[in-house]
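Asker: Dumping the structure here so I can ask a few things about it.
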Amino acid sequence: MRIYRGRVAATSRPEARSQEMGELMSASSGRSGKGWALLAAAAVGMGIAWSAGAQITNTKHNLGTAPGGTGVNQFSGTGEICVFCHTPHGADTTAAVPLWNRTLPSAGSFTTYDSLGTSTLDGKTLPVGSVSIACLSCHDGVTSMSAVINAPGSGTTGDAAWVAGTWSGANQTAGKIAAGLITNIGTDLRNDHPIGIQYCGGGITTTSTSGSNTDCNDQDFKGPNKITGQNIWYVDTGTAGRQKTDMILYTRSGETFNSGGTSVAEPFVECASCHDPHTTNATFLRISNSASAVCLACHTK
Ligand code: HEC
Ligand code: HEC
Ligand code: HEC
Ligand code: HEC
């Protein structure tokens, strides 16, 4: 059983349940205080997943030596967590991603979903970019995960400067996500849910959205919401207003929808529409996918 923002979702897969227990155990074993252990034990007793405080610490995205990481891959060179993805200075700005500490791959290295040629795809597919290319800077399996722009410490730049560390764990090879694993998305995206894809099955039909499916070209989609006065889009999954549990939609410069003299930046689906890289939810999903709630958040099927 798992609680997402006050809602209780049943986990039917036993392995998912034991994985959650594993997360709980590692969350408590990383801390020595008796209070933590007691609280964790109480949480186990009640069947409630640990979610207070540290989020990303207790996930597979904690790649350094900081306690709590649930993945098998670990780099011995740092106890920092954020540094594998973010830097306070000197970030890569070739895509609109927050303070990215990795050199982003070139869009041209990917084969996009639309080239599969399904007859049902209506939306426009953009070159891989936005937050998706940030995820793929590790999940394409091409570059070592310790290859960062700004290594920890004073004045070091580039992977070569970050030599004081080694990778261990069965799911990596020389710090790259190992080939053949499902987590190695690779550079051929024809076998993955479309990304960089226009929302709404061919885009929106109005600049002033109401969150109704009539705002969509293909009315089998839930209408997107937009923060008033800003070009910030999302598909609402619960409480009104944008939360991180909503399916976030992303805009790109130059991609606009125009109607009656009004122009808005258009919404697209990217990796982080469905995933939040910091959450302890199973497979980093924004909401539980119990009863396929993730899919049904956008697709009215
Ligand atoms: C595995 C890569 C990864 C790690 C590690 C990581 N982040 Fe992020 N972070 C991202 C990505 C990708 C985004 C953009 C997500 C989005 O569009 O919602 C992001 C967005 C953010 C944002 C802005 C959006 C938001 O959710 O508030 C903040 C703030 C942030 N990260 C802080 C942190 C901090 C602090 C740490 C370390 C404790 C950290 N991140 C570790 C990948 C990472
Ligand atoms: C710094 C490298 C890095 C970045 C950037 C990164 N990841 Fe990961 N991610 C990993 C590693 C390592 C794993 C564990 C892989 C394994 O053990 O097979 C992982 C695992 C995952 C998993 C599987 C979790 C599970 O429970 O099995 C998902 C889902 C995921 N990442 C999504 C994302 C998304 C979405 C983004 C961008 C928003 C992202 N990641 C960015 C390194 C990264
Ligand atoms: C439309 C929603 C959606 C988008 C977009 C999406 N994912 Fe996922 N992803 C999922 C769901 C749902 C799962 C869980 C699948 C499962 O339980 O097997 C998942 C699982 C994963 C996993 C774990 C491996 C697996 O399949 O079990 C990784 C890694 C991952 N996603 C990375 C990414 C990356 C990187 C991107 C962008 C290139 C991306 N995802 C885009 C919905 C999405
Ligand atoms: C954030 C919104 C969103 C979520 C969540 C989402 N999808 Fe989609 N999906 C889309 C969009 C947009 C398209 C492109 C539709 C088009 O242009 O015809 C799409 C396309 C598809 C297609 C059709 C591809 C084709 O070739 O016609 C399938 C199948 C699909 N999604 C399945 C899923 C499943 C299964 C899930 C849950 C794991 C899911 N989607 C979650 C937005 C979403």
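The values are calculated or read from the model by the stated rules, or taken from the named source; none is laboratory data. Keep in mind that this is a model prediction, so the values were computed, not measured. Positions of Cβ are generated from backbone atoms using ideal geometry, with glycine treated the same way; all protein chains shown enter the neighbour counts.
Asker: In the list S263, S273, which residue meets the criterion of being away from ligand 2 (no atom under 13 Å from the Cβ), within 16 Å of G203 (Cβ to Cβ) and outside any loop (DSSP other than H, G, I, E, B)?
Answerer: Working: S273 fails: away from ligand 2 (no atom under 13 Å from the Cβ).
The unique qualifying residue is S263.
Asker: Here is a further query. Being more than 24 Å from T59 (Cβ to Cβ), surrounded by fewer than 17 Cβ atoms within 10 Å (Cβ to Cβ) and under 18 Å from the mean Cα position of the chain (by Cα) narrows it down to one of I227, I197, I232, so name that one.
Answerer: Going through I227, I197, I232 in turn, just one is more than 24 Å from T59 (Cβ to Cβ), surrounded by fewer than 17 Cβ atoms within 10 Å (Cβ to Cβ) and under 18 Å from the mean Cα position of the chain (by Cα): I232.
Asker: Contact list please: Cβ distance under 8 Å, first residue in the stretch 175-193 and farther than 17 Å from F110 by Cβ, second residue among the small types (G, A, S) and surrounded by 14 or more Cβ atoms within 10 Å (Cβ to Cβ), pairs at least six apart or on different chains.
Answerer: Qualifying pairs under 8 Å: G175/S144; G175/S146; G175/A147; A178/G141.
Asker: Any idea which of (1) out of contact with any Phe, Trp or Tyr (no Cβ under 8 Å at 6 or more places or on another chain); (2) in a loop (DSSP other than H, G, I, E, B); (3) away from ligand 3 (no atom under 16 Å from the Cβ) is the one V72 doesn't satisfy?
Answerer: Every listed condition holds for V72 apart from (3).
Asker: Consider the stretch 276-301. How many of its residues are outside any loop (DSSP other than H, G, I, E, B), on the phi < 0 side of the Ramachandran plot, more than 11 Å from the chain's Cα centre (by Cα) and near ligand 3 (Cβ under 10 Å from one of its atoms)?
Answerer: 7
Asker: Among the residues of the stretch 158-184, write down those that are modelled with pLDDT of 95 or more and among the polar types (S, T, N, Q).
Answerer: Passing the criteria: S168, N171, Q172, T173, T183, N184.
Asker: So if I check each of S253, S273, which one is surrounded by fewer than 22 Cβ atoms within 10 Å (Cβ to Cβ) and not aromatic (F, W, Y)?
Answerer: Exactly one of S253, S273 is surrounded by fewer than 22 Cβ atoms within 10 Å (Cβ to Cβ) and not aromatic (F, W, Y), namely S253.
Asker: Consider G77 carefully, then state whether it is under 14 Å from G64 (Cβ atoms) and of a type outside the set (A, V, I, L, M, F, W, C). So that I can check it myself, show each step before the final result.
Answerer: Working: under 14 Å from G64 (Cβ atoms): yes; of a type outside the set (A, V, I, L, M, F, W, C): yes.
Spelling it out, G77 is indeed under 14 Å from G64 (Cβ atoms) and of a type outside the set (A, V, I, L, M, F, W, C).
Asker: Right, another one. Filter the stretch 191-216 for residues that are among the hydrophobic types (A, V, I, L, M, F, W, C) and within 16 Å of ligand 2 (Cβ to nearest atom) and give the result.
Answerer: I195, I197
Asker: Collect the residues in the stretch 100-133 that are more than 15 Å from ligand 4 (Cβ to nearest atom), in contact (Cβ under 8 Å) with a residue 60 or more places away in the chain and among the aliphatic types (A, V, I, L, M), keeping them in residue-number order.
Answerer: Matches in the stretch 100-133: V128 only.
Asker: Taking the conditions exactly as written (touching a His at 6+ places or on another chain (Cβ under 7 Å) and more than 11 Å from ligand 4 (Cβ to nearest atom)), does F284 satisfy them or not?
Answerer: Criteria met by F284.
Asker: Name every residue in the stretch 85-99 that is in contact (Cβ under 8 Å) with a residue 60 or more places away in the chain and within 24 Å of D192 (Cα to Cα), in order of residue number.
Answerer: Hits for the stretch 85-99 are C85, A96.
Asker: Now for a separate question. Kindly indicate whether any position in the stretch 242-256 is small (G, A, S) and on the phi > 0 side of the Ramachandran plot.
Answerer: First pass over the stretch 242-256, keeping only residues small (G, A, S): 253-254.
From the residues that got through so far, the ones that are on the phi > 0 side of the Ramachandran plot too are 254.
Looking for residues that are small (G, A, S) and on the phi > 0 side of the Ramachandran plot, one finds at least one in the stretch 242-256, hence yes.
Asker: Restricted to the stretch 68-90, and to residues that are farther than 14 Å from M145 by Cα and surrounded by fewer than 17 Cβ atoms within 10 Å (Cβ to Cβ), which residue is nearest to ligand 1 (Cβ to nearest atom)?
Answerer: Here the residue is P88.
Asker: Would you check which residues across the stretch 120-142 are more than 6 Å from ligand 2 (Cβ to nearest atom), touching a Lys or Arg at 6+ places or on another chain (Cβ under 8 Å) and not in a loop (DSSP other than H, G, I, E, B) and list them?
Answerer: Within the stretch 120-142, just S130 meets the criteria.
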